[in-house]
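Participant: Below you'll find the structure I mean.
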Amino acid sequence: MNLFYEDFPANIKVRDQEYEIITDFREWIRFCDMVKSSIPIGLKASYTLDMFKGEVMFSDELPLNDVWDSFVRFLNMQRNDIESGDDKRDHRVLFSYEYDGPYILAAFMHDYGIDLTEIDYMHWWKFRMLFDGLSEKNEIKQRIHYRGIDLSSIKDKEERKRIRRIQNSIRLPQEVVSDGDIANAFV
């Protein structure tokens, strides 16, 4: 995708059929929160239908698992026309929209002058690109960095102890799930 002359996608493809979806970043953060919640699968399926623009129903032509796969692709910023192949990314949870929200809001304000609580709309992919591009000086990026350090890779005992203290002070609650867990929520 070339952002200089292509629009962000506004649909997903399920079994060669295009469906227009809601693309605002707030709705996708809500979607992630809904998926990791303990609400019954029927309510999750209903909420998933609410992400479509227009009337759709799950059926043999639009099965929930296929919709779910397409949503995960969109969530991960993968285009419809490109096969994803094996996903070799690290699926450890390094941040949480819920618990790290204040740091994310502060970073967007600091780096971009964008108050995420007051803007009318931002496409999910644009939000993700801006999030990924945040300065390493921001608290959220520091938290992500320290949470991602593998203590076994640190040889110096004192440095390992220092990093462990930092990791313990910024540890996320256990109920936070990874992208892989989100992908398996409807299975």
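The values are calculated or read from the model by the stated rules, or taken from the named source; none is laboratory data. Not measured: the values here are computed from a predicted model. Cβ placement follows ideal geometry from the backbone for every residue including glycine, while neighbour counts extend to all protein chains displayed. With ligands, DNA and RNA removed, areas are computed over all heavy atoms of the protein, side chains included. Shrake-Rupley method; radii C 1.70, N 1.55, O 1.52, S 1.80 Å.
Participant: Sorting check: for 160-170, 119-129, which peptide has the highest mean count of neighbouring beta carbons within 10 Å, and how do the rest follow?
Facilitator: Answer by packing, highest mean first, reads 119-129, 160-170.
Participant: Let me ask something else. What is the extension gain from residue 77 to residue 135, computed as 0.36 nm multiplied by their sequence separation minus the C-alpha to C-alpha distance, in nm to one decimal?
Facilitator: Value of the extension gain: 18.8 nm.
Participant: Mind checking the per residue accessible area of the chain for me, 1.4 Å probe, whole number of Å²?
Facilitator: Dividing the accessible area of the chain by its residue count gives 61 Å².
Participant: In degrees, nearest 10, range 0 to 90: what is the angle between the Cα axis of helix 41-50 and the longest Cα principal axis of the chain?
Facilitator: 70
Participant: Also: Taking the chain, how much of its Cα-Cα pair set, in percent, is spaced more than 21 angstrom apart?
Facilitator: Taking all Cα-Cα pairs of the chain, the fraction more than 21 Å apart is 58 percent.
Participant: A follow-up question, please. Output the 0 to 90 degree angle, nearest 10, between the alpha-carbon long axis of helix 101-112 and the longest principal axis computed from the alpha carbons of the chain.
Facilitator: 90
Participant: Between residue 98 and residue 47, what length comes free when the chain is fully extended (0.36 nm per residue of separation minus the Cα-Cα distance, one decimal in nm)?
Facilitator: Taking 0.36 nm per residue and subtracting the Cα distance, the gain is 16.5 nm.
Participant: Of the heavy-atom accessible surface of the stretch 1-158 (probe 1.4 angstrom), what whole percent is carbon and sulfur?
Facilitator: After summing per-atom areas, the C and S share lands at 51 percent.
Participant: Moving on. Please compute the net charge surrounding residue 24, taking Lys and Arg as +1 and Asp and Glu as -1 over other residues with Cβ under 11 Å from its Cβ.
Facilitator: +1
Participant: Can I ask one more? Apply 1/(1 + (r/R0)^6) to the Cβ-Cβ distance of residue 4 and residue 61, taking R0 = 35 Å, and write down the FRET efficiency to the nearest 0.05.
Facilitator: 0.45
Participant: Between residue 21 and residues 5 or more places away or on another chain, which pairs have amide H atoms under 5 Å apart, with H built 1.01 Å from N, and which residues are they?
Facilitator: Residues meeting the amide H criterion: 11, 12, 53.
Participant: Go through the stretch 145-155 residue by residue and turn each phi into a ³J(HN,Hα) via Karplus (6.51, -1.76, 1.60, θ = phi - 60°); whole Hz please, and just put x for glycine and proline.
Facilitator: Values per residue, Gly and Pro as x: 4, 5, 5, x, 6, 8, 4, 5, 8, 9, 7 Hz.
Participant: What's the ranking of 49-55, 26-32, 36-42 by average number of surrounding C-beta atoms within 10 Å, highest first?
Facilitator: Top of the packing list down: 26-32, 49-55, 36-42.
Participant: While we're here: Measure nothing fancy, just the Cα-based angle from helix 25-36's long axis to the longest principal axis of the chain, in degrees from 0 to 90, nearest 10.
Facilitator: So the helix axis and the longest Cα principal axis differ by about 80 degrees.
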